[in-house]
1. Taking θ as phi - 60°, what are the ³J(HN,Hα) couplings along segment 150-163 by the Karplus curve (6.51, -1.76, 1.60), each to the nearest whole Hz, with x for Gly and Pro?
2. Taking the Cα-to-Cβ direction at ASN312 and at GLU173 and moving 7 Å from each Cα, how far apart do the two end points lie in nm?
3. Show the residues, 5+ positions off or on another chain, whose built amide H is closer than 5 Å to the amide H of ALA369.
4. Go through segment 435-450 residue by residue and turn each phi into a ³J(HN,Hα) via Karplus (6.51, -1.76, 1.60, θ = phi - 60°); whole Hz please, and just put x for glycine and proline.
5. How many nm is it between the label spots at GLN202 and ALA224, if each spot is 7 Å from the Cα in line with the beta carbon?
6. Order of 355-361, 130-136 by packing, highest average Cβ count within 10 Å first?
7. How large are Rg and Dmax for segment 194-269 when only the alpha carbon atoms are used, in Å?
8. Using a simple spin-label model with points 7 Å from Cα along the Cα→Cβ vector, what separation in nm is obtained for ASN353 and ASP335?
Amino acid sequence: MSVSPRPAAGAPAVFRSPLWPVLCVSIVLAACSRDLSAQGSHPQGASGSQPVPSVPAVESAVRALPDFSPLVEKYGPAVVNVEVVEKPQPSNGPQGLSPNDPFYDFFKRFGIPTPDQGPRGNAPPVRGAGSGFIVSPDGYILTNTHVVGNADEVTVRLTDRREFPAKVVGADERTDVAVIKINANNLPTVRLGDPSKIKPGQWVLAIGSPFGFENSATAGIISATARSLPSDNYVPFIQTDVAVNPGNSGGPLFNLAGEVIGINSQIFSRTGGYMGVSFAIPIDVARNVEDQLIKSGKVVRGRIGVTIQDVNAQLAESFGLDRPRGALVSSVEKDGPAAAAGLQPGDVILAVNGKSIERYGELSGTIAAMKPGSEAALDVWRSGRRQSVNVKVTELKEQQQEAKAGGRPSNHATDQASQFGLSVRPLDPQEKEQAETQGNLVVEEVTGPAAAAGVQPGDIILGVNGKRVKTVKELQEEAKTSGKNVALLIQREDAQIFVPLRIQ
């Protein structure tokens with residue numbers, strides 16, 4: 001969400017809207033004039049002159065650029081403006097992020113403007129707008145959950161200016177995909193594509209309603225695929241440089257074939273507006289959610305009970321991988337499916353059912369899309385060799401988990417693993433019970449490589465390079481025999497993560 005500007009006094013009536021605040025922009029045209037006769041007076045090849053491109057060369061350059069006008073003309077009518085009225089909601093910032101998180105001001109979902117915050121007692125209803133696109137002739141429309149999730153009223157406006165009240169069929173917060181329905185027939189629809197075939201550098205087009213300007217088209221390229229964001233672990237986002245702004249939320253992202261490959265959902269911004277980095281939900285993820293919401297009104301996801309993280313170059317070297325790839329298991333849920341199958345912290349999952357896992361976000365999405373009760377065949381890298389592990393997929397239950405407090409340093413004698421830059425001490429039984437940990441060593445002071453890697457006092461040391469360490473002596477021995485890159489497994493509150501240390 002972004003704070004919306006207020007209408008300027010005396011603004012032309014055509015720009016005023018009860019649902020979208022007016023954005024007043026002064027447009028200045030700078031006229032570029034050239035003294036053609038002066039240019040023509042220089043003989044060809046003279047100093048400072050530039051060769052004039054031939055007409056065929058100019059025409060060839062123009063032909064090389066994509067023309068999106070046929071696509072906009074054909075599929076633009078299937079893109080709709082979604083206007084909402086919702087009750088005032090307390091502003092808690094971007095979903096899933098604390099105000100203290102460094103990404104708090106960067107990753108923001110956009111689509112519904114929020115008024116200036118003030119007393120909530122007599123606050124008027126919030127009005128805003130987003131986008132959507134028709135996926136069936138009988139009126140099913142895909143959009144974002146953050147556009148319609150809290151709406152009391154939803155109105156859909158087509159490009160031919162017809163308006164329909166819409167019903168929210170279902171909304172899924174984890175993927176930010178929502179389905180709404182209008183009572184109409186013979187509606188124009190989009191074609192859906194295959195996101196697995198897209199590549200960075202390909203041209204793409206977005207159509208939506210930025211700042212309420214309906215059916216606006218903007219183009220760019222795919223910057224990256226399978227991006228994982230801090231607040232979204234179940235969506236391998238498509239990153240683009242397409243200009244999207246508040247109001248584009250829920251709108252389609254097209255490839256050059258005129259197929260929808262994604263739903264525009266988030267931007268990376270320090271200002272709340274477009275800064276060249278935007279993210280779209282792959283359409284195959286959205287389609288899976290759509291089918292479940294229409295059939296049952298809810299989304300069922302698979303899980304195997306592990307916490308994972310990405311594998312960088314240092315971690316890959318410390319685990320003996322040829323290159324950074326896969327999803328590194330940092331913790332295994334006790335009595336969960338992965339534990340029953342024998343998965344361990346330090347395992348790197350390289351593939352699921354024959355599908356390679358390059359980034360850890362791909363694993364989350366792949367497992368989530370599997371049916372509970374099915375079996376996932378995992379290719380796992382462990383102790384320098386590849387192994388096969390079969391895990392039974394269970395259902396992910398939506399529940400809120402409370403963070404557990406970690407052990408606090410006390411006045412015990414400390415021992416130092418100087419190679420890592422760590423001063424640690426043993427946890428006493430009461431601290432272990434409070435922290436709910438299997439670890440025995442807590443960090444008291446951090447210097448050198450550990451400080452550079454982000455290890456903090458209060459972190460609990462669990463292992464080094466996939467090997468558990470239970471005593472100060474074991475940690476010291478591992479420090480002496482480690483290479484230049486070390487994978488340090490720590491517990492911080494209720495999370496286990498591998499931290500790569502670079503030893504000089």
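Read the figures in this text as sums done on the coordinates, not as results from a lab. Please read these numbers as outputs of a predicted model, since none were measured by experiment. Note that each Cβ is placed from the backbone with ideal geometry, even for glycine, and that neighbours are counted across all protein chains shown.
1. Values, residue by residue: 10, 7, 8, 9, 10, 10, 10, 10, 8, 5, 8, 6, 6, 10 Hz.
2. Distance between label points: 3.1 nm.
3. GLY302
4. Once θ is set to phi - 60°, the couplings for segment 435-450 become 7, 6, 10, 9, x, 10, 10, 10, 7, 10, 9, 10, 9, x, x, 5 Hz.
5. Computed distance between label sites GLN202 and ALA224 equals 1.9 nm.
6. Numbers: 355-361: 18.7, 130-136: 25.0.
Packing order, densest peptide first, comes out as 130-136, 355-361.
7. 11.8, 32
8. Distance between label points: 2.9 nm.
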